[in-house]
Every structure is written in structure tokens, then in C-alpha cells.
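See below for the structure under consideration.
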Amino acid sequence: MIRDGRDASIDRVQRELTTVGRRGTARIRRENEAISAVDRSLLAYIRSHPGCRAVEIAAHFQLNRSTVSRQLGALLDHGLVTAAGTAAPSTGRGVALHLTPEGESVLTSAAELLHRDMTERFAEWTEEEIEQFARLLERYNGNAGNSVEH
């Protein structure tokens, strides 16, 4: 379907965001096979919100709780996250989550790799252009709506 005007621009934004996500995932896998972009987002959230619970992560990312529990289960199995509490520690549901030292190390390595990559990609951009892009992305993410992935 060929669109024009605003709809064509929205299609371009979607295409470019998809490309960003896929390239980021590919870079992480080439350089650090320990974690995916999804893993990185969960680890970063837990780092920023020590003691959070799976339900809080699900709400933040607008995901179904079972999806988050499954993803957390893998991080727990790999020793990147620890769960303290009494309810379902194998999935991270209903328990306080924290990064392990290994989780912290893996996340730091991945973040440094991504920062280096982005610094290279922004080499020709002015500080003002980068700031404007950041503001637009924050605005976009702030209007994400209330849909939930199933």
C-alpha cells in the first residue's frame, strides 16, 4: 500500500525504528552474546529500580505479566538477576529483583558497546541535533498509550 503525507511519514518512522532495533540487536549478539536487547532493557530497568517486581516491569514496558515472568526466568537461570521474597522466585513474580554482580557486569559491557556505536553514528551530528532527537524520542515514548502485548 502506498501512502502519502502524514501516513507515509508514519510508515517511514516505523521502518526506521525497526531498523534501529534490529541493528542494535545484531551488534549486541556479535559483540556480547550474553544478552539480547530485551534482556538489556530488563536488566537496565532493574538496575534503575532495585527491588522492583515483575508487575512493575510489565507496567513500565506495557507488557503482559506472563511475558515478563518468562523473560525474567531466563535472567534468573543465567544468574544475572536475583529474586528475594516468598512468591515464585523462579519467575521473579511477586519478589524483589536485583542485579547480581554478573548481571551488573554484563549490562555495563553491553551499555558501553552501544554507547560507542551510537557515538560513531552521531559523529556528524551537532549537539543540538542530538538533543532534539532525544527530546523527540522522549516525547514519542511518553505518548505510547496503554496497549498491552499479549
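The values are calculated or read from the model by the stated rules, or taken from the named source; none is laboratory data. All values derive from a computational prediction rather than experimental measurement. Note that each Cβ is placed from the backbone with ideal geometry, even for glycine, and that neighbours are counted across all protein chains shown. Ligands, DNA and RNA are excluded from the accessible area calculation, which covers all protein heavy atoms including side chains. Shrake-Rupley method; radii C 1.70, N 1.55, O 1.52, S 1.80 Å.
Yes or no: the stretch 61-84 includes at least one residue that is assigned to a loop (DSSP other than H, G, I, E, B), open to solvent by less than 40 Å² (accessible area, probe 1.4 Å) and out of contact with any strand residue (DSSP E or B) (no Cβ under 6 Å at 6 or more places or on another chain).
So in the stretch 61-84, the residues assigned to a loop (DSSP other than H, G, I, E, B) come out as 62, 64, 78-80.
Narrowing the set further to residues that are open to solvent by less than 40 Å² (accessible area, probe 1.4 Å) leaves 79-80.
Filter again for out of contact with any strand residue (DSSP E or B) (no Cβ under 6 Å at 6 or more places or on another chain), leaving 79-80.
So far as the stretch 61-84 goes, yes, one or more of its residues are assigned to a loop (DSSP other than H, G, I, E, B), open to solvent by less than 40 Å² (accessible area, probe 1.4 Å) and out of contact with any strand residue (DSSP E or B) (no Cβ under 6 Å at 6 or more places or on another chain).
When you scan the stretch 46-53, do you find a residue that is β-branched (Val, Ile, Thr), part of a helix (DSSP H, G or I) and touching a residue at least 40 places away in the same chain (Cβ under 8 Å), even just one? Break it down into steps so the answer makes sense when it comes.
Here is the first cut: in the stretch 46-53, the residues β-branched (Val, Ile, Thr) are 46.
From the residues that got through so far, the ones that are part of a helix (DSSP H, G or I) too are 46.
When the remaining residues are screened for being touching a residue at least 40 places away in the same chain (Cβ under 8 Å), the result is 46.
Within the stretch 46-53, one or more residues are β-branched (Val, Ile, Thr), part of a helix (DSSP H, G or I) and touching a residue at least 40 places away in the same chain (Cβ under 8 Å).
For residues that are part of a helix (DSSP H, G or I) and either at pLDDT 90 or above or of a type in the set (Val, Ile, Thr) (or both), scanning just the stretch 17-38, find the one that is most open to solvent (accessible area, probe 1.4 Å). Can you show your working first?
Our first condition is that a residue be part of a helix (DSSP H, G or I); within the stretch 17-38, this holds for 17-31, 37-38.
Then keep just the ones that are either at pLDDT 90 or above or of a type in the set (Val, Ile, Thr) (or both); that gives 18-20, 25, 28, 38.
Values: Thr18: 68, Thr19: 44, Val20: 98, Thr25: 32, Ile28: 0, Val38: 68 Å².
Filtering the stretch 17-38 for residues that are part of a helix (DSSP H, G or I) and either at pLDDT 90 or above or of a type in the set (Val, Ile, Thr) (or both), the one most open to solvent (accessible area, probe 1.4 Å) comes out as Val20.
Scanning the stretch 85-113 for residues that are at pLDDT below 90 and open to solvent by less than 30 Å² (accessible area, probe 1.4 Å), which turns out nearest to Ser36 (Cα to Cα)? If you could, list the steps in order and put the result at the bottom.
In the first step, residues of the stretch 85-113 are kept if they are at pLDDT below 90; the result is 85-95, 109-113.
Filter again for open to solvent by less than 30 Å² (accessible area, probe 1.4 Å), leaving 92, 95, 110, 113.
Details: Gly92: 18, Val95: 23, Ala110: 9, Leu113: 13 Å.
Out of the qualifying residues, it is Ala110.
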